[in-house]
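K.L.:
My questions will all concern the structure given below.
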Amino acid sequence: MHAWSAPRVPNLPRNTNPEIDDRVRVWDTESRALKAVGPASGTAGLYVCGITPYDATHLGHAFTYLTFDLLQRAWRDLGLDVSYVQNITDVDDPLLERANQTGQDWEELAASQVELFRADMAALRILPPEHYIAATEALDLVTGTVEKLEAKNLAYQVKDETHPDWYFRSDAVEGFGEMSHLNRDEQLVEFADKGGDPERPGKVDALDSLVWRMARDGEPSWPSPLGRGRPGWHVECTAIAQRYLGADFSVQGGGSDLAFPHHEMCAAVGRAVTGERFADAYVHVGMVALDGQKMSKSLGNLELVSRLRGQGIAAPVIRLALLTHHYRTDWEWFATDIDKAQRRADAWAAAFASPAGTPTGPVLDDLRRAMRDDLNSPEALAIVDEWSAATLAGDGEDVQSPTQVAEAVDALLGISLN
């Protein structure tokens, strides 16, 4: 499936300051520490879990994909290539349930929401994935992965004459639970709350996850060596990631609500198939709240990117409002966030249009430090604010500075105010 058009990313002068770290460090959930991610040279591999397309892009989604856009920009500024893969879970229970509720064809609903997601991502200038893969395009990858698990006695069918679904033996994989740091009781609660079925009769272990759902009446299904059915969620991401990024890669990312069970299961399936690590680091983004609760499609308390855009709010202003928050923090969206972001955008645009500004060197150095040190976007905004205020006060004489700072802000923060 095609993604969306890539924005132009300016090429910045090569860093020559030995005091600036030559690696990007982010918080790794597994090690509970800041960790250098990506190789010293070559290609960084990034997998970010995509949407289940049954509703429009809300600000929680946007905050997640913005985070990994910033990571890509920091990597590229280091001279690395980036291989970025994202999936689309375009067949799953929430999508089918929404289609039934609204009387829509599930494929038409998915296609319309994927197209809206593309439009939102392009407007926000999010760098697109190199490989944008729908679950329905990866059926052979999923069944092939399950067959490899079965050969190792790590996948089995439940004894159910009507629906003998296939499950992954999560309990049999060494290290299961170590990424998310949850004990078994906590795992069971999270598993049940997030779509798992710990009470399903016939499972070897309550935490075993569905990898192939056998056909049901009224549901889409496809023929396969496992029997007619459709893929489970967790194995979908593992199969796609390993096909396009290899047995191990730099970062798997997503919202913090995906740490367990989704990313824990992805990692376990990946290790079970290859015997190697899955991702080198697991990076999780904080939750965005509205009206005191986490923004979620199930609750319906959403602020939509498309709605804000429809109100005439410029996409760079929405992006600036999101950049105000560090990616690891949970935070709440308020309507006044747009007003603050608009004032910042106006000041920056005026400074970028000034005939002269304060020298560029310290600004670019400080921006690189901030973004390589755990993608510190709030600090980066403060750096540009300081330069902008000084420039508008007439304190600078560097005629190239406004253009150079604008290019740095575009390259590292993805903000273009032209």
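K.L.:
For segment 357-389, enumerate the residues that are farther than 18 Å from Thr67 by Cβ, in a helix (DSSP H, G or I) and among the polar types (S, T, N, Q).
P.N.:
Ser388
K.L.:
Consider segment 115-130. How many of its residues are within 16 Å of His58 (Cβ to Cβ) and either touching a Gly at 6+ places or on another chain (Cβ under 9 Å) or among the polar types (S, T, N, Q) (or both)?
P.N.:
3
K.L.:
Six or more apart or on different chains, Cβ under 6 Å: which pairs go from a residue in segment 32-61 that's more than 21 Å from Trp106 (Cα to Cα) and at pLDDT 95 or above to one that's of a type in the set (S, T, N, Q) and part of a strand (DSSP E or B)? Could you list them?
P.N.:
Here the result reads Val37/Ser250; Gly38/Ser250; Thr43/Ser83; Ala44/Ser250; Gly45/Ser83; Gly45/Ser250; Tyr47/Gln252; Val48/Gln86, each pair linking segment 32-61 to a residue that is of a type in the set (S, T, N, Q) and part of a strand (DSSP E or B).
K.L.:
Can you find even one residue in segment 186-194 that is touching a residue at least 40 places away in the same chain (Cβ under 8 Å), polar (S, T, N, Q) and in contact with a Ser or Thr (Cβ under 7 Å, 6 or more places away or on another chain)?
P.N.:
Within segment 186-194, none of the residues are touching a residue at least 40 places away in the same chain (Cβ under 8 Å), polar (S, T, N, Q) and in contact with a Ser or Thr (Cβ under 7 Å, 6 or more places away or on another chain).
K.L.:
Would you point out which residue out of Ala353, Ala321, Ala341, Ala349 is under 29 Å from Asn15 (Cα atoms), at pLDDT 95 or above, small (Gly, Ala, Ser) and surrounded by 19 or more Cβ atoms within 10 Å (Cβ to Cβ)?
P.N.:
From the options Ala353, Ala321, Ala341, Ala349, the qualifying one is Ala321.
K.L.:
Check Arg14, Arg73 and return the single one that is among the basic types (Lys, Arg) and outside any loop (DSSP other than H, G, I, E, B).
P.N.:
Testing whether each residue is among the basic types (Lys, Arg) and outside any loop (DSSP other than H, G, I, E, B) leaves just Arg73.
K.L.:
Something else: Can you confirm whether Ala259 is of a type in the set (A, V, I, L, M), crowded, with 21+ Cβ neighbours inside 10 Å, modelled with pLDDT of 95 or more and within 23 Å of Ala44 (Cβ to Cβ)?
P.N.:
Working: of a type in the set (A, V, I, L, M): yes; crowded, with 21+ Cβ neighbours inside 10 Å: no; modelled with pLDDT of 95 or more: yes; within 23 Å of Ala44 (Cβ to Cβ): yes.
Answer is no for this residue.
K.L.:
Report the residue count in segment 213-242 for those that are loosely packed, with under 15 Cβ neighbours inside 10 Å and at positive phi.
P.N.:
Result for segment 213-242: 1.
K.L.:
Check Asp330 against each of (1) surrounded by 16 or more Cβ atoms within 10 Å (Cβ to Cβ); (2) under 19 Å from the mean Cα position of the chain (by Cα) and name the one condition it does not meet.
P.N.:
With respect to (1) surrounded by 16 or more Cβ atoms within 10 Å (Cβ to Cβ); (2) under 19 Å from the mean Cα position of the chain (by Cα), Asp330 is out only on (1).
K.L.:
When you go through (1) within 30 Å of Leu46 (Cβ to Cβ); (2) touching a Ser or Thr at 6+ places or on another chain (Cβ under 8 Å); (3) not β-branched (Val, Ile, Thr) one by one for Pro225, which number turns out not to apply?
P.N.:
Every listed condition holds for Pro225 apart from (1).
K.L.:
OK, next. When you check Ser180 against the structure, is it under 29 Å from Arg32 (Cα atoms) and of a type in the set (Ser, Thr, Tyr), yes or no?
P.N.:
Spelling it out, Ser180 is indeed under 29 Å from Arg32 (Cα atoms) and of a type in the set (Ser, Thr, Tyr).
K.L.:
Can I ask one more? How many residues are under 19 Å from Ala6 (Cα atoms), surrounded by 24 or more Cβ atoms within 10 Å (Cβ to Cβ) and more than 13 Å from the chain's Cα centre (by Cα) when one looks only at segment 51-73?
P.N.:
Summing the residues that are under 19 Å from Ala6 (Cα atoms), surrounded by 24 or more Cβ atoms within 10 Å (Cβ to Cβ) and more than 13 Å from the chain's Cα centre (by Cα) in segment 51-73 gives 0.
K.L.:
Condition first: crowded, with 17+ Cβ neighbours inside 10 Å, out of contact with any strand residue (DSSP E or B) (no Cβ under 8 Å at 6 or more places or on another chain) and not charged (D, E, K, R). Now tell me which residues in segment 271-295 satisfy that.
P.N.:
Residue satisfying the conditions is Val273 alone.
K.L.:
Is it the case, given these coordinates, that Glu137 is out of contact with any Ser or Thr (no Cβ under 7 Å at 6 or more places or on another chain), surrounded by fewer than 16 Cβ atoms within 10 Å (Cβ to Cβ) and touching a residue at least 24 places away in the same chain (Cβ under 8 Å)?
P.N.:
yes
K.L.:
Could you tell me which residue of segment 390-418 is nearest to the chain's Cα centre (by Cα), considering only residues that are part of a helix (DSSP H, G or I) and of a type in the set (Ser, Thr, Tyr)? Steps first, answer last, please.
P.N.:
Taking segment 390-418 first, the residues part of a helix (DSSP H, G or I) are 390-392, 401-413.
Right, trim to of a type in the set (Ser, Thr, Tyr) and you get 391, 401, 403.
Working: Thr391: 35, Ser401: 33, Thr403: 31 Å.
The extreme case among them is Thr403.
K.L.:
Examine segment 45-63 for a residue that is out of contact with any strand residue (DSSP E or B) (no Cβ under 9 Å at 6 or more places or on another chain) and assigned to a loop (DSSP other than H, G, I, E, B), and state whether such a residue exists. Before the answer, list the steps.
P.N.:
Taking segment 45-63 as the starting set, the residues that turn out to be out of contact with any strand residue (DSSP E or B) (no Cβ under 9 Å at 6 or more places or on another chain) are 54.
From what is left, the residues that are assigned to a loop (DSSP other than H, G, I, E, B) are 54.
So far as segment 45-63 goes, yes, one or more of its residues are out of contact with any strand residue (DSSP E or B) (no Cβ under 9 Å at 6 or more places or on another chain) and assigned to a loop (DSSP other than H, G, I, E, B).
The values are calculated or read from the model by the stated rules, or taken from the named source; none is laboratory data. These figures come from a predicted structure and were not determined experimentally. Every residue, glycine among them, receives a Cβ derived from its backbone with ideal geometry; neighbour counts consider all protein chains shown.
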